[in-house]
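Below you'll find the structure, written out as structure tokens, and then a few comments.
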Amino acid sequence: MSSPPILTVSGLEVDISGSHILKGIGFDVPASGVTALLGRNGVGKTTTIRAVLGLLPDGGRVTAGRVTFDGHDITAEPTHRTIRRGIGYAPEDRGIFAGLTVAENLALAERPGSAHHYDLVHDLFPELATRSGQRAGTLSGGQQQMVALARTLLNDNALVVVDEPTKGLAPRVVTEATEVLERAAERVPLLLVEQNLAVVRRLARSAVVLDAGQVVHTGDARELLADAERTTALLGVGSHSSNGAA
Ligand SMILES: Nc1ncnc2c1ncn2[C@@H]1O[C@H](COP(=O)(O)OP(=O)(O)OP(=O)(O)O)[C@@H](O)[C@H]1O
């Protein structure tokens with residue numbers, strides 16, 4: 001028997017400043033592997049993640065629907081409480097403290113009541129150990145992404161949500177980041193927003209595709225990407241396109 005999903009989103013509706021942005025989103029995130037949240041620009045991927053985490057911008061609110069994490073209703077729960085339940089989040093802008101060192105960024109991410117897996121983090125990202133005293137703002141984009149991912153893996157999380165981790169990275173760094181995500185996914189399920197379909201093909205087991213604030217497809221990620229016509233229809237790009245190597 002397969003285990004229940006770690007996250008279930010159902011009938012989620014969100015308004016931002018009077019605009020109806022999410023129009024009844026529903027999907028499950030399995031308790032293992034990588035689930036890709038896909039769709040063209042502006043369809044509502046980041047808003048979905050932010051609604052799940054209680055991080056909607058000013059003027060944004062959930063008007064209907066439900067979010068269940070690990071058996072608990074977390075709809076409209078304060079973010080700190082949701083995070084304490086065991087969700088790690090690496091936002092699109094990476095959210096690191098540029099003026100603090102790598103070590104300080106990691107220390108700030110230590111969640112009380114959780115074990116802190118520095119061995120794992122330094123095994124996955126040896127560079128973060130050698131650069132522990134360096135200010136995060138002086139790191140390359142790829143290294144900053146490592147810090148963002150490392151912070152999510154430091155604590156005991158039951159789900160890690162990663163928003164566009166390869167955006168703006170050079171192809172070689174995209175490959176490195178993909179390898180790290182692959183290793184991370186062996187330990188914890190990932191919900192991944194990613195535009196680079198080569199990365200999605202390599203990592204994702206299941207795919208959820210949004211369009212105009214609604215789910216228009218759910219299913220096996222590789223099956224979807226193997227169907228070029230369907231991929232183009234849903235995502236507006238060919239299944240072999242990518243903005244970097246993976
Ligand atoms: N703070 C905000 N105020 C007004 N509208 C917003 C705000 N944030 C998002 N939106 C609108 O909500 C819609 C969905 O945006 P969202 O960022 O969720 O899309 P996305 O699929 O993540 O896109 P991208 O791939 O470009 O990041 C867009 O039309 C966007 O303009």
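Read-outs throughout are calculated quantities, based only on the coordinates presented, and are distinct from any laboratory measurement. Values in this document were obtained by computation on a predicted structure and should not be read as measured data. Cβ: placed from backbone, ideal geometry, glycine included. Neighbour counts: every protein chain shown.
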Selection from the range 75-94 of residues under 20 Å from Pro112 (Cα atoms) and touching a helix residue (DSSP H, G or I) at 6+ places or on another chain (Cβ under 9 Å) yields Thr79, Thr82, Ile83, Ile87, Gly88, Tyr89, Ala90
Tabulated pairs, the range 141-160, first farther than 13 Å from Leu128 by Cα, second of a type in the set (S, T, N, Q), C-beta under 9 angstrom, 6+ apart or interchain: Asn155/Ser114; Asp156/Ser114; Asn157/Ser114; Val160/Thr152
Hits in the range 162-176 - residues which are more than 16 Å from the ligand (Cβ to nearest atom) and crowded, with 23+ Cβ neighbours inside 10 Å: Val174
Could you identify the single residue in Leu124, Leu128, Leu139, Leu159 that is in contact with a strand residue (DSSP E or B) (Cβ under 9 Å, 6 or more places away or on another chain) and buried (at least 16 other Cβ atoms within 10 Å of the Cβ)? Leu159
What number goes with the only condition from (1) within 15 Å of the ligand (Cβ to nearest atom); (2) touching a helix residue (DSSP H, G or I) at 6+ places or on another chain (Cβ under 6 Å) that Val34 does not pass? (1)
Report, by residue number, each residue of the range 51-65 that is closer than 22 Å to Val162 by Cβ and either near the ligand (Cβ under 9 Å from one of its atoms) or of a type in the set (Gly, Ala, Ser) (or both). Ala51, Gly54, Leu56, Pro57, Gly60
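Thr48: touching a residue at least 60 places away in the same chain (Cβ under 8 Å), within 11 Å of the ligand (Cβ to nearest atom) and either under 23 Å from Thr152 (Cα atoms) or in a strand (DSSP E or B) (or both), yes or no?
Details: touching a residue at least 60 places away in the same chain (Cβ under 8 Å): yes; within 11 Å of the ligand (Cβ to nearest atom): yes; either under 23 Å from Thr152 (Cα atoms) or in a strand (DSSP E or B) (or both): yes.
For Thr48, the condition - touching a residue at least 60 places away in the same chain (Cβ under 8 Å), within 11 Å of the ligand (Cβ to nearest atom) and either under 23 Å from Thr152 (Cα atoms) or in a strand (DSSP E or B) (or both) - is met.
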Among Asp93, Asp73, the single one that is within 12 Å of the ligand (Cβ to nearest atom), without any contact (Cβ under 8 Å) to a residue 60 or more places away in the chain and exposed (fewer than 15 other Cβ atoms within 10 Å of the Cβ) is Asp93
Pick from His20, His80: which is more than 22 Å from Glu186 (Cα to Cα) and away from the ligand (no atom under 16 Å from the Cβ)? His80
Considering (1) of a type in the set (A, V, I, L, M, F, W, C); (2) surrounded by fewer than 14 Cβ atoms within 10 Å (Cβ to Cβ); (3) in contact with a strand residue (DSSP E or B) (Cβ under 6 Å, 6 or more places away or on another chain), say which one Ala98 fails and leave the rest. (3)
Look through the range 1-45, keep the residues that are among the aliphatic types (A, V, I, L, M) and assigned to a loop (DSSP other than H, G, I, E, B), and return whichever of them is surrounded by the fewest Cβ atoms within 10 Å (Cβ to Cβ). Met1
With the structure loaded, tell me whether Glu92 is of a type outside the set (Ser, Thr, Tyr) and over 17 Å from the mean Cα position of the chain (by Cα) or whether it fails that test. no
